[in-house]
1. Among the numbered conditions (1) of a type in the set (Val, Ile, Thr); (2) in contact with a helix residue (DSSP H, G or I) (Cβ under 7 Å, 6 or more places away or on another chain); (3) not in a helix (DSSP H, G or I), tell me where THR428 comes up short.
2. Select from the stretch 303-343 the residues that are part of a strand (DSSP E or B) and under 20 Å from the mean Cα position of the chain (by Cα) and list them in ascending order.
3. Suppose we filter the stretch 207-217 for residues that are surrounded by 24 or more Cβ atoms within 10 Å (Cβ to Cβ) and more than 16 Å from the chain's Cα centre (by Cα); how many remain?
4. Can you name every one of the strands (runs of 3 or more DSSP E) wholly within the stretch 28-111 that holds 2 or more residues which are within 21 Å of the chain's Cα centre (by Cα) and of a type outside the set (S, T, N, Q)?
5. Residues that are closer than 24 Å to GLY285 by Cβ and either at pLDDT below 95 or touching a His at 6+ places or on another chain (Cβ under 8 Å) (or both): find the helices (runs of 4 or more DSSP H) completely inside the stretch 126-177 holding 1 or more of those.
6. Examine the stretch 197-220 for a residue that is in a strand (DSSP E or B) and free of Cβ contacts under 8 Å to residues at least 60 places away in the same chain, and state whether such a residue exists.
7. Could you check how many residues of the stretch 430-461 are free of Cβ contacts under 8 Å to residues at least 60 places away in the same chain and either crowded, with 17+ Cβ neighbours inside 10 Å or of a type in the set (S, T, N, Q) (or both)?
Amino acid sequence: MHLTAAYCFGLVASLAQGFVLDRQAALEDCLSSSSRLDEVGSDDYNRDVTPFNKRLAFRPAAIAVPTTVGQIQGAIACGAKLGYKVSAKCGGHSYASLGLGGEDGHLVIQLDRMNSVKLDTETNIATAESGTRLGHLAAELFAQGNRAISHGTCPGVGISGHVLHGGFGMSSHTHGLALDWVVGANVLLANGTLVHTSATENKDLFWGLLGAGSNFGIVTSYELKTFEPPANLTWFVASLPLRKNTSVAALEALEDYALNTMPAELNMRLFATRQFTQLEGAYHGSREGLEAALAPLLNKTGGRISQAQTTGWIKSLEHFATMTLNQTYPYTQKQEEFYGTSLELKGLGGTAAKNFVDYWFDVAKNETTRWYIQLDLHGGKNSAVWKADPTLSSYAHRDKLYILQFYITTGTEPQAAFEFADKWAATTTAPLARDDWGMYFNYPDTNLNRTTAQHMYWGKNLARLQRLKAKLDPKELFYYPVSISPSRRGFA
């Protein structure tokens, strides 16, 4: 009897499909004894599988929804036993859908049902579960004891992805990155053990978590030191009437200001679209203080304050939020369809500034697809980001002055959008020394290959991180397309 090639191919495909279905059934059976599952097609499943970036919709093998540490532990064990990659998902705002695995077929552990925040009013240390969203964290810390940490502006973003890779926001110049407020964490490792880590306990893991944490385990809770927020903050918008022939000088004035003059109390970014350019931010103090702080820069650039309002901490957070502040489960994901990339820069002057401005006015101003750029003032001599000890965390770009984000909607022609943002970034960095720039993991670029991504995000810390990965997760249970690869030399 002779079998045709088509028959053989069909038989192999059928057997493979059967294996996948059997493996899937085994996973669901394993998980059913340890954690609740989102039922495919249910409201919870549809919410949890919805990506922030519509361009990157992935289908998980299953979505486990734990409410206890033991259930997370059980889900990790099921993934390891049956050969599934495991991805923790908290807020679901990753530009690259990394909470869903960054590809099809991962076991996703949806953490947002675990969102308790408890403040010890004697020590002012807060314990926050790893499924907490930033808005809920802010609201609870303030309500329980008039406390706060430094963090980003979107209340739906999850604490875990944000904190574990930096966490820049509208208090970072004053109070540092979100990761600077972590003093301890409980972490489930690939082998299923639960460990506590801090600056004195499991120190290598603590260092790795704070900057590259998604690579080494699943955090179940954080211990956070806190600060008392100011009674008065003044949010503001200052318009900048930039033209092509004035913009290089304006950028160089901004760089000098950020490096040498900008007070610690001022938090600011440059934001531009095709239609307008402005400075926006928050000053920890009164309007009079804001005006005095901005005067040296506005006098040089021709800018003027167009809006400003003095308010309290929570109202200031609500001003920058795009939704209700106190976000918990159930959470309806706002979706966009876009491409984003980033640069972390030691500066933006000279030829780099000219290249950046030429592209801005010659190309970007003629691009009708919706785009924006955002230049966060990250460092400077008065910045808390720079004042922190760079050796205490694996965040690799503490020495950078700026975080620059390029964002463009993609629609039906994503390749054109890719080229638009990538060329703008490439022409900006062309004259720069390699050590003068990197990229920010919390604005992940989906077009980077794994090798390039690792170098861009973790720079000089990569080799040590790869050794730590080899020690803690050599089989790459916690894998995604740009995750840290384990060193073949092992851990030393």
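The values are calculated or read from the model by the stated rules, or taken from the named source; none is laboratory data. Worth saying up front: this structure is predicted, and the values here are computed from it rather than measured. Ideal geometry is used to build each Cβ from the backbone, glycine not excepted, and the neighbour counts take in all protein chains shown.
1. (3)
2. Selection gives GLU336, PHE338, TYR339, GLY340, THR341, SER342, LEU343.
3. Within the stretch 207-217, residues that are surrounded by 24 or more Cβ atoms within 10 Å (Cβ to Cβ) and more than 16 Å from the chain's Cα centre (by Cα) number 2.
4. Where strands (runs of 3 or more DSSP E) fall fully within the stretch 28-111 and carry at least 2 residues being within 21 Å of the chain's Cα centre (by Cα) and of a type outside the set (S, T, N, Q), they are 86-89, 107-110.
5. Helices (runs of 4 or more DSSP H) meeting the threshold: 134-145, 172-175.
6. Looking through the stretch 197-220, at least one residue is in a strand (DSSP E or B) and free of Cβ contacts under 8 Å to residues at least 60 places away in the same chain.
7. 7
Okay, residues lined up against (1) modelled with pLDDT under 95; (2) of a type outside the set (D, E, K, R); (3) under 17 Å from the mean Cα position of the chain (by Cα); (4) assigned to a helix (DSSP H, G or I):
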site: ILE403; (1), (2), (3), (4): no, yes, yes, no
site: ALA417; (1), (2), (3), (4): no, yes, no, yes
site: LYS460; (1), (2), (3), (4): no, no, no, yes
site: ARG467; (1), (2), (3), (4): no, no, no, yes
